[in-house]
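Presented below is the structure to which this report refers.
The values are calculated or read from the model by the stated rules, or taken from the named source; none is laboratory data. Small disclaimer: the values here were computed from a predicted structure and weren't measured. Reconstructed Cβ throughout: ideal geometry from the backbone, glycine too, with neighbour counts over all protein chains shown. Side chains included, ligands, DNA and RNA excluded: accessible areas come from the protein's heavy atoms. Shrake-Rupley method; radii C 1.70, N 1.55, O 1.52, S 1.80 Å.
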Amino acid sequence: MLCIDVTNGLSFHCLTAPILTAFAISWPTAYIPRLLRGAVQLAVGELLIAVCIVDCYCQEFFSSPITPQILSNTMLSNGRELSEFLSSFVGLYVLGRWRMAALLLMVVALPFALFILRKPVIGNKVVYIIGVVLLGICLICEIPPTCRYLQLFSQGGDLQTMEGLIFRHYHEEVPTPLHRLAFAWHSIRKSSLVLGDIKRSTFSARIDSCSHLSPHIILVIGESYNKHHSTLYGYQLPTTPLQQKRMDDGELFVFDDVVTPWNITSNVFLDIFSLWEYGMTESIGTMPLFPILFRRAGYEVRFFSNQYLLRGFMKGATNQAGHFFLADGELSDSLFTFRNRKSGKYDLGLVRQVGDYRRNHADRNYTLDIIHLIGQHFDYAMRYPPSEAHFSPKDYADREGDKNAKTMMIEYDNATRYNDLVVDSILSLYENDDAVVLYVADHGEEVYDELPVHGRLFQEPTAAQAKYEFEVPMWIWCSSTYRQHHAEVLQRLSTSVGKPLLTDHLPYVLLYLAGIRCCWSDDTSNILSPAYQPGSRMIGGCVDYDTLMNR
């Protein structure tokens, strides 16, 4: 009970879960022989209190209960790190937090409590009846949340579905430190196993040939981009004037039916980087990550991110998210020849890093640059300098919504217009090269369009959510030199922009643009191929997008 966060109130569920958990642990000890029973009960009790103390400490001083990240860091810390942590963060001041003081008092009081409880206070029959009734009530109340909690443990190696359940708070359904510890352990173990499989598949990957069809390929991954707030897709305000001009000039090929499988960045990253795609019978760990094939083909692969910095990750195999593979130093070194180590306050700062690196490494014949922006990630007002604010309340006079909603719309559209400047600056870096740029957003965003909310809703998608959170912008830009030398690619682009696509197919597009052939080559998954065959487009791990939208 002392480890329950009551910030948002205390529900009946917060009472029944600890009672049922305590019974489930203590009841078997009653069958231990009398000579050992007391010692075992004391040991189990002190161990559980220790778990509660750690969980409560994390809540009090780190604003978080036990999580996979915290457990992973603890397991991977050496003796010196643990010693330094204890000397720095543990002292008498913890007694100033009443919950910590109460738990520490319980450590001392437990032996006395066990001794006193050996002597019955009231008749055994009364205790039995009260206990049965209380446990019956607790059991009935806890069946639904326990079933949801147990779903986390039934996903096998499907970390993305587990991540989707995490975003729906299934890991919080049974609010006790023991359950949090059990899930953290399970999460670490599963992600470690999948990471091991991915590394083996990636390290052993080989290619058959490479024609280097496109010498310089750039993949730009946007963030939280609602395509219906883009002028390219019919939005009434000029949020993308620079992209619009490039499209009008014939440089930009805009795809109008692209869907992301998840509205969770980490899951999308694993989908985009892996050659695995929905519908495959193999698990995701059996497929390599596509950058390794570019390395095998002689491309220099650079990863610039304004979110995922290697040194910014917590140590360990899991970050409780699908981008855990980017946190592994060994895997990162195999995938990338360079990775930036600092982020920019705004995305133009990251673009300057890309430009500086290119000027210092201008003699590379073949390059794949992966540029990951922070885009329009909430808080929207933090994604653009005040000097780049373009829209004002008068532009939204005809919109529904209160002042706060309209302020959010203004800030989001300003961030979208700033993103237009960012991506145009990226294109300017490659204008004199034989280069092709593929831009795609990780997922969409709610901005008071059909639903009176902003952000994302982590539940089974409705049609409205699918439209604004799972439909994403995507386009391909070709430099002047590229357009002169690659007429066939341009012809394929012009005939493919209307085809349906799920973004987990993107690696196959990139392999085609590089001219890489390998055992995983599949023209039916390449939207630029005449043999392309769009399959089911599952979103949120549970809904067929096309079926949902055609209903």
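Mind running the shape call on segment 330-485? Use the C-alpha gyration tensor, a ≥ b ≥ c as the square roots of the eigenvalues: rounded below 1.5 for a/c, prolate if a/b tops b/c, oblate otherwise.
Numbers: a/c = 2.07, a/b = 1.83, b/c = 1.13.
Note, shape of segment 330-485 comes out prolate.
Report the antiparallel proportion of the DSSP beta bridges in the chain as a percent, rounded to a multiple of 5. Write out the running numbers ahead of the final one.
Values: 17 of 40 bridges.
Of those bridges, close to 45 percent are antiparallel.
Under the rule a/c < 1.5 gives rounded, and otherwise a/b versus b/c splits prolate from oblate, where does segment 233-381 land using the Cα gyration tensor? Don't skip to the answer; put the middle values down first.
On the way: a/c = 1.42, a/b = 1.23, b/c = 1.16.
Judged from the Cα gyration tensor, segment 233-381 comes out rounded (a/c under 1.5).
Using Cα pairs closer than 8 Å and at least 6 residues apart in sequence, work out the relative contact order for segment 286-437, in percent. List each step's numbers first, then the result.
Numbers: 160 pairs, mean separation 37.9, N = 152.
Once normalised by length, the contact order is 25 percent.
Of 23, 222, 427, whose Cα points farthest to the positive end of the dipole of the chain (charges on the beta-carbon: +1 Lys, Arg; -1 Asp, Glu; origin at the Cα centre)?
Towards the positive end, the residue furthest out is 23.
With an 8 Å cut-off on Cα pairs and a minimum separation of 6 or more residues, tell me the relative contact order of segment 377-493 in percent.
Details: 112 pairs, mean separation 30.2, N = 117.
Once divided by the residue count of segment 377-493, the mean separation gives 26 percent.
Is the shape of segment 182-259 best called rounded, prolate or oblate, per the rule: a/c under 1.5 gives rounded, else a/b larger than b/c gives prolate, else oblate, with a ≥ b ≥ c the square roots of the Cα gyration tensor eigenvalues? Show your work: numbers first, answer last.
Working: a/c = 4.49, a/b = 1.58, b/c = 2.83.
It is oblate, given that a/c is not under 1.5 and a/b is not larger than b/c.
Among the lysines, which fall within straight-line cross-link reach of residue 227, defined as a Cα-Cα distance under 30 Å, with same-chain neighbours fewer than 8 residues apart omitted?
Answer for residue 227, where 30 Å is the Cα cut-off: 245, 342, 345, 394, 403, 406, 467, 499, listed by chain and number.
Which whole-number value in Å² is the accessible area per residue of the chain, probe 1.4 Å?
Numbers: 25090 Å² over 551 residues.
With all protein chains present, the chain gives 46 Å² per residue.
Computing the accessible area with a 1.4 Å probe over protein heavy atoms, can you report the carbon and sulfur percentage for the chain?
Working: 14900 of 25090 Å².
Reported share for carbon and sulfur atoms: 59 percent.
Can you give me the Cα centroid spacing of segment 372-442 and segment 213-288 in angstrom?
Answer, in whole Å: 16.
Tell me, what is the percent relative contact order of the chain, built from C-alpha pairs under 8 Å that lie six or more residues apart? Working shown, then result.
Working: 861 pairs, mean separation 112.4, N = 551.
With pairs under 8 Å counted, the relative contact order is 20 percent.
Taking GluC sites (Glu not before Pro) that fall in a DSSP loop and have at most 14 other Cβ atoms within 10 Å as cut points, what is the longest piece of the chain between them? Can you show the working numbers first?
Values: sites that count: 282, 400, 431, 450.
Looking at the chain, 1-281 is the longest stretch - no exposed GluC sites (Glu not before Pro) with at most 14 other Cβ atoms within 10 Å.
Net charge around residue 272, counting only other residues with Cβ within less than 11 Å of its Cβ (Lys, Arg = +1; Asp, Glu = -1)? Let's see the in-between values first.
Details: positive: none; negative: 271, 277, 442, 504.
Here the count lands on -4.
Set Lys and Arg Cβ to +1 and Asp and Glu Cβ to -1, take the dipole of the chain about its Cα centre, and tell me which of 151, 497, 202 lies farthest positive.
Farthest towards the positive end: 151.
Considering just Cα atoms, how many Å³ per residue does the convex hull of the chain enclose? Walk me through the intermediate numbers first.
Details: hull volume 107.8 nm³, N = 551.
Convex hull of Cα atoms, per residue: 196 Å³.
Can you give the local net charge around residue 207? Use residues other than it whose beta-carbon is closer than 9 angstrom to its beta-carbon, Lys and Arg +1, Asp and Glu -1.
Values: positive: 206, 296, 517; negative: 208.
Charge balance in the 9 Å sphere: +2.
Equivalent ellipsoid semi-axes for segment 140-285, as square roots of 5 times the alpha carbon gyration tensor eigenvalues: give them largest first, rounded to whole Å. If you can, show how the numbers build up before the last one.
Details: eigenvalues 291, 124, 25 Å².
For segment 140-285, the ellipsoid semi-axes come out as 38, 25, 11 Å.
Roughly how many Å² of residue 341 are accessible to a 1.4 Å probe, to the nearest 10?
Accessible area of residue 341: about 140 Å².
Note the direction-averaged projected area, equal to a quarter of the hull surface, for the Cα convex hull of segment 365-433, in nm².
Working: hull surface 24.2 nm².
Taking a quarter of the hull surface, the average projection is 6.0 nm².
Working only with C-alpha atoms, what are the Rg and Dmax values of segment 478-521, expressed in angstrom?
Cα radius of gyration and Dmax of segment 478-521 are 11.8, 33 Å respectively.
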